[in-house]
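The values are calculated or read from the model by the stated rules, or taken from the named source; none is laboratory data. Everything numeric here is computed off the predicted structure, so don't read it as measured data. Heads up, the Cβs are rebuilt from the backbone with ideal geometry, glycines too, and the neighbour counts pull from every protein chain shown. The accessibility values were calculated without ligands, DNA or RNA, using every heavy atom of the protein model including side chains. Shrake-Rupley method; radii C 1.70, N 1.55, O 1.52, S 1.80 Å.
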Amino acid sequence: MSMKDYADRISQTILDQEAAIGAEWLAQLEALSVRSNAAAREQLRSHCNQFLKAFAAATRSGELENIQHRSWDEVRDLLAEISSTRAKSGSTPSETATFVFSVKQPLFSRLQQAFADDPAGLAAATWTITNLLDRLGLYTIEVFQKTKDQIIVRQQQELLELSTPVVKLWNGILALPLIGTLDSARTQVVMENILQKIVDTGAIIAIIDITGVPTVDTLVAQHLMKTIAAARLMGADCIISGIRPQIAQTIVHLGVNLEDVITKATLADAFLVALERTGAAITIKQA
């Protein structure tokens with residue numbers, strides 16, 4: 001029997017026994033699933049039916065070794081959609097791969113009946129389907145992990161945005177409180193945020209507060225200087241506040257030149273300097 005004959009027979013078996021295979025497969029999945037609400041069960045039933053139809057059509061093509069073949073496009077697209085949805089909803093990779101692997105038992109039971117008079121054919125069909133489902137199961141894990149990686153990257157970007165707020169303290173005065181370690185990626189976000197805020201507000205003074213930065217090394221100092229230089233190109237001067245004794249000693253030991261940059265120990269001190277440079281002042285009224 002040729003590979004095409006095996007493919008036709010396997011495909012026809014799935015089509016003939018689709019209801020029975022789907023029911024048994026669905027029962028297994030529901031027993032394993034922790035999401036037992038009606039909507040989840042209906043979605044699972046729909047996915048099972050779609051997969052069986054697409055799988056039967058793909059096997060009929062005769063291409064039973066390469067799931068990247070165009071005949072498997074519909075199956076891959078369906079599994080990609082399922083994997084992405086599950087990755088976003090909090091499922092685990094094993095739960096996602098189980099969707100494919102759990103169809104083996106009901107499918108093999110029907111193949112045994114279909115190839116009852118052909119032991120050699122049954123062995124070949126079983127081996128072929130096993131390899132196919134294993135490849136498809138691994139494919140779901142790959143898509144799942146890729147979706148998770150995209151989610152993590154997006155969340156990291158959002159955290160960077162949240163961790164670099166630029167606030168308007170006064171007319172013409174901005175403040176950028178930094179908390180945590182500065183690296184190249186975060187510095188780029190800091191620079192973009194502060195430059196955009198300068199454009200939006202027309203600020204002439206930007207206070208960069210590093211009270212929450214645990215350590216200042218050569219790389220951090222370089223990042224700060226780049227941010228200050230970029231702000232000056234936009235017409236705004238910078239003041240660095242939050243210079244603690246340990247950080248002051250580190251900057252001196254590193255030989256970082258901050259002579260042309262105003263530095264203050266606290267944000268309050270920096271704010272007073274900024275007010276003076278903008279021509280404003282705070283007046284305290286006596287009671």
Starting from region 224-238, keep only residues that are on the phi > 0 side of the Ramachandran plot, then list their pairs with residues that are assigned to a helix (DSSP H, G or I) whose Cβ atoms are within a distance under 9 Å, requiring at least 6 positions of separation or different chains. GLY235/ILE198
Taking the conditions exactly as written (of a type outside the set (Phe, Trp, Tyr), touching a Cys at 6+ places or on another chain (Cβ under 9 Å) and either in a strand (DSSP E or B) or open to solvent by less than 10 Å² (accessible area, probe 1.4 Å) (or both)), does ALA270 satisfy them or not? no
Every listed condition ((1) assigned to a helix (DSSP H, G or I); (2) open to solvent by 20 Å² or more (accessible area, probe 1.4 Å)) holds for GLU259 save (1)
Consider ASP149 carefully, then state whether it is out of contact with any Phe, Trp or Tyr (no Cβ under 9 Å at 6 or more places or on another chain) and either outside the structural domain of ALA7 (by the TED database) or among the charged types (D, E, K, R) (or both). yes
Residue check: is SER83 of a type in the set (Ser, Thr, Tyr) and either crowded, with 18+ Cβ neighbours inside 10 Å or touching a Pro at 6+ places or on another chain (Cβ under 7 Å) (or both)? yes
Could you check region 164-218 and list, in sequence order, the residues that are closer than 17 Å to MET234 by Cα, crowded, with 21+ Cβ neighbours inside 10 Å and at pLDDT below 85? VAL190
